[in-house]
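Right, one structure below, let's go through it.
The values are calculated or read from the model by the stated rules, or taken from the named source; none is laboratory data. The structure displayed is predicted, hence computed values, not measured ones. Every residue, glycine among them, receives a Cβ derived from its backbone with ideal geometry; neighbour counts consider all protein chains shown.
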Amino acid sequence: MNTLFSPLGDQAIVIELGNEINDQTEQQVRKVAALLESRQPEWMVEFIPAFVTVAVFYNPCLAKYDDVKMELKELLTQLTEDLPFESRTIEIPVCYGGELGPDLEFVAQHNKLTAREVIDIHTSGNYSVHMIGFAPGFPFIGGMSEKIAAPRRDSPRLRIPERTVGIAGMQTGVYPIETPGGWQLIGRTPIRLFLPENDIPSLLRAGDKIIFKEISKEEYHAWEDDLNAENS
Amino acid sequence: MLKILKSGLQTSVQDLGRVGFQKYGVIASGVMDPFAHRIANLLTGNDERLATLEITLVGPTIQFTEDAVIALCGGDLSPQLDDNDIKMWRMLPIKKGSTLTFGEPRIGARCYLAVAGGIDVTELMGSRSTYLRAGIGGFQGRALAKGDEVPIGEMDLLQTKALHQNTENEFDWLIPPVRYYEEPIIRMIKGKQFDLFDEDSKRQIFSEAYTVSASSDRMGYRLEGARLSLENSTELISEAVAFGSVQVPADGNPIVLLADRQTTGGYPKIGQIAFVDLPLIAQAKQGQPIRFKEISLLEAQRRLIEQEQYIRQVKAAIQLKQEEWT
């Protein structure tokens with residue numbers, strides 16, 4: 001499809017690079033993001049890439065909507081064929097079930113599987129990060145097997161601890177910060193996805209491949225103790 | 001230093017927000033009423049980007065442990081200094097030991113306290129704003145509580161001179177207070193998905209009054225009124241949202257996204273509040289009616305540029321005043 005532009009209020013413009021979620025469009029999104037990052041037009045304030053769009057926030061005192069649109073069109077002609085960076089593979093250790101993953105049994109029963117089978121399926125998926133958004137460092141992850149899909153809870157939990165791994169419908173994800181939410185919770189990782197003290201505060205970025213690796217409760221607690229020691 | 005003697009409902013350190021980190025999913029935060037915050041800073045001789053205290057509805061009791069120059073702008077929460085009413089939208093020199101209190105919220109919901117030198121908490125990701133939900137930024141990542149001692153930055157030379165000015169009449173002419181209305185008419189640009197809504201909804205959003213519901217906070221205001229629906233229900237692909245986006249979830253009650261909004265969302269956006277009218281929504285209280293009126297993108301940007309020019313004039317006028325004191 002052709003690239004579409006539309007206003008998001010009086011200080012942002014949305015570049016729409018496709019109308020369905022697929023690898024090709026996601027690559028386009030990443031290329032546009034990389035181009036904006038390297039060019040930094042003076043009127044640009046910041047940008048937010050998503051599944052098929054990049055929203056560019058700008059200062060209307062420096063350029064109005066039509067000017068921004070024209071300049072972006074011009075900029076987009078300079079997209080290269082090469083991907084701006086290599087895809088990384090990040091391993092996320094997870095302790096499944098028990099008090100760290102209270103809904104593991106539910107997910108198993110819902111899919112007529114054993115808890116063991118759910119873990120085996122969850123750790124063998126071919127996952128990639130579509131986008132980061134919604135919450136600080138929160139990855140929208142694609143690639144989960146439909147064999148372990150599970151509906152959201154009827155009534156959301158008021159507090160889900162940070163670093164909890166969950167399933168909602170066909171999606172799996174990790175909550176970087178404590179939030180309310182309706183996901184089925186299957187485990188927790190000792191590693192942090194939101195790193196506010198870092199220049200790049202998100203552990204993951206769009207395009208990353210993810211491997212979930214099962215760890216024992218002892219390994220989890222040893223890891224978490226290290227984390228706490230680091231923070232104190 | 002500002003010593004918090006009583007906490008009030010919710011007072012937090014805010015500035016113009018965490019810019020440039022939304023691509024990592026980091027919530028922008030920052031003041032709900034950017035205009036009042038900026039003017040308050042300018043009145044004290046601060047750069048408009050310094051942090052202020054955002055005081056919500058029921059104000060705290062604050063004692064000044066040093067001489068200070070302050071300004072209060074935004075919602076009128078009946079501020080008093082040592083039991084005497086004080087004026088808002090002007091510079092006020094304060095003596096060490098004085099106590100600032102607040103009373104009945106008269107009009108508006110949020111008052112900004114700027115102090116010459118700025119609220120001096122550590123910057124995180126380029127901003128001093130508090131993001132309450134993640135417990136980061138601002139003063140220990142949280143709203144101020146009894147016993148807190150909030151640091152103030154150093155005043156510059158001109159600001160120090162302001163301490164010794166008799167400002168009784170001096171600044172009355174300077175900043176005409178913004179009027180926050182009991183039933184504000186808020187200008188809104190049609191959203192990207194406006195045309196996906198059915199005919200009734202497209203009419204009602206601009207003709208009906210909506211009420212700010214009880215589940216409204218810095219993240220967003222849930223509105224109650226005529227329910228809005230799409231012509232054909234469709235699943236949208238999540239994309240960026242902005243300060244003032246008006247999105248409509250399946251239950252049909254619009255939500256206005258505000259300072260602590262998430263970075264992306266998947267609900268259809270019926271509109272986007274014009275930047276210059278963000279203070280009107282930010283100052284609306286729970287239970288208060290609001291109305292929307294259409295504005296074109298071109299007109300909204302024209303108003304925004306006008307407002308920036310006005311702010312530059314205010315800044316220049318204050319600098320002139322300060323230089324007269326030397």
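State yes or no: is B:ALA282 away from every other protein chain (no Cβ under 13 Å) and surrounded by 22 or more Cβ atoms within 10 Å (Cβ to Cβ)? Explain how you work it out, then say what you get.
Details: away from every other protein chain (no Cβ under 13 Å): yes; surrounded by 22 or more Cβ atoms within 10 Å (Cβ to Cβ): yes.
Answer is yes for this residue.
Name the residue that is nearest to B:LEU43 (Cα to Cα), counting only residues in region B:94-103 that are assigned to a strand (DSSP E or B) and at pLDDT 95 or above. Please lay out each step first, then the result.
In the first step, residues of region B:94-103 are kept if they are assigned to a strand (DSSP E or B); the result is B:94, B:99-102.
Right, trim to at pLDDT 95 or above and you get B:99-102.
Values: B:THR99: 20, B:LEU100: 18, B:THR101: 20, B:PHE102: 20 Å.
Taking the candidates together, the pick is B:LEU100.
For (1) among the basic types (Lys, Arg); (2) more than 19 Å from A:GLN11 (Cβ to Cβ); (3) part of a loop (DSSP other than H, G, I, E, B), each residue gets a yes or a no:
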| residue | (1), (2), (3) |
| --- | --- |
| B:TYR221 | no, yes, no |
| B:ALA226 | no, yes, yes |
| B:GLU235 | no, yes, yes |
| B:PRO249 | no, yes, yes |
| B:ASN253 | no, yes, yes |
| B:GLN272 | no, no, no |
| B:LEU280 | no, no, no |
| B:LYS285 | yes, yes, yes |
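Considering only region A:131-151, state which residues are facing another protein chain (nearest Cβ under 8 Å) and assigned to a strand (DSSP E or B).
So in region A:131-151, the residues facing another protein chain (nearest Cβ under 8 Å) come out as A:131-138, A:140.
Of everything in region A:131-151, those that are facing another protein chain (nearest Cβ under 8 Å) and assigned to a strand (DSSP E or B) turn out to be A:MET131, A:ILE132, A:PHE140.
Quick check: is even one residue across region B:193-215 within 27 Å of B:ALA71 (Cα to Cα) and modelled with pLDDT of 95 or more?
In the first step, residues of region B:193-215 are kept if they are within 27 Å of B:ALA71 (Cα to Cα); the result is none.
Within region B:193-215 (the criterion being within 27 Å of B:ALA71 (Cα to Cα) and modelled with pLDDT of 95 or more), the answer is no, since none of the residues qualifies.
Which condition number in (1) surrounded by fewer than 16 Cβ atoms within 10 Å (Cβ to Cβ); (2) without any contact (Cβ under 8 Å) to a residue 12 or more places away in the chain is the one that A:PHE134 fails?
(1)
With the requirement that a residue be of a type in the set (D, E, K, R) and either more than 14 Å from chain B (Cβ to nearest Cβ) or surrounded by fewer than 21 Cβ atoms within 10 Å (Cβ to Cβ) (or both), what does region A:193-218 give you? I'd like the intermediate steps shown before the answer.
Of the residues in region A:193-218, the ones of a type in the set (D, E, K, R) are A:197, A:199, A:205, A:208-209, A:213-214, A:217-218.
A:GLU197, A:ASP199, A:ASP208, A:LYS209, A:LYS213, A:GLU214, A:LYS217, A:GLU218, listed by residue number.
Let's see how each residue does on (1) in contact (Cβ under 8 Å) with a residue 60 or more places away in the chain; (2) small (Gly, Ala, Ser):
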{"site": "B:MET219", "(1), (2)": "yes, no"}
{"site": "B:GLU224", "(1), (2)": "no, no"}
{"site": "B:LEU228", "(1), (2)": "no, no"}
{"site": "B:ILE237", "(1), (2)": "no, no"}
{"site": "B:GLY265", "(1), (2)": "no, yes"}
{"site": "B:ILE273", "(1), (2)": "yes, no"}
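Tally up the residues in region B:104-137 that are among the β-branched types (Val, Ile, Thr) and not in a strand (DSSP E or B), please.
Within region B:104-137, the subset among the β-branched types (Val, Ile, Thr) is B:107, B:115, B:119, B:121-122, B:130, B:136.
With the extra rule that they be not in a strand (DSSP E or B), the set shrinks to B:121-122, B:130.
Of the residues in that region, 3 qualify.
Tell me the residue from B:SER245, B:SER213 that is closer than 20 Å to B:ILE186 by Cβ and more than 14 Å from chain A (Cβ to nearest Cβ), please. Let's see the steps before the verdict.
Numbers: B:SER245 fails: more than 14 Å from chain A (Cβ to nearest Cβ).
Of B:SER245, B:SER213, the one residue that is closer than 20 Å to B:ILE186 by Cβ and more than 14 Å from chain A (Cβ to nearest Cβ) is B:SER213.
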